[in-house]
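The values are calculated or read from the model by the stated rules, or taken from the named source; none is laboratory data. Being a predicted model, the structure only gives us computed values, none of them experimental. Note that we place each Cβ from the backbone using ideal geometry, even for glycine, and neighbour counts take in every protein chain shown.
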Amino acid sequence: MTRYLLAFTPLLLAACAQQADLTPMAGQRLPPAPYGRVDPPSPRELLQLDPQAAPPRSDELRSRSEERADDPFDLPPPEN
């Protein structure tokens, strides 16, 4: 088993680094252009995430402790 894993690992890693442009498969087309746009988006544009799907990460480090702002949605549990 280990022998096969060692034999196929370079092949799998080589496939990960493919740098060719993406094209639709034979017989397939790209999705139609959105409403209001004349030309359909390119494959590269379709792969980009919009900012709402992948918001930027904040790596700001805190230099000192700070009081938390009051959270109006932090309600106590309901009494039953």
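Results for (1) at pLDDT 85 or above; (2) among the β-branched types (Val, Ile, Thr); (3) not in a helix (DSSP H, G or I), shown as yes or no for each residue.
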| position | (1), (2), (3) |
| --- | --- |
| 15 | no, no, no |
| 18 | no, no, yes |
| 23 | no, yes, yes |
| 29 | no, no, yes |
| 55 | no, no, yes |
| 79 | yes, no, yes |
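Inclusion of residue 7 among residues that are small (Gly, Ala, Ser) and either assigned to a helix (DSSP H, G or I) or touching a Leu at 6+ places or on another chain (Cβ under 8 Å) (or both) is warranted.
Yes/no per residue for (1) among the hydrophobic types (A, V, I, L, M, F, W, C); (2) surrounded by 10 or more Cβ atoms within 10 Å (Cβ to Cβ):
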site: 7; (1), (2): yes, no
site: 21; (1), (2): no, no
site: 41; (1), (2): no, yes
site: 50; (1), (2): no, no
site: 56; (1), (2): no, no
site: 66; (1), (2): no, no
site: 71; (1), (2): no, no
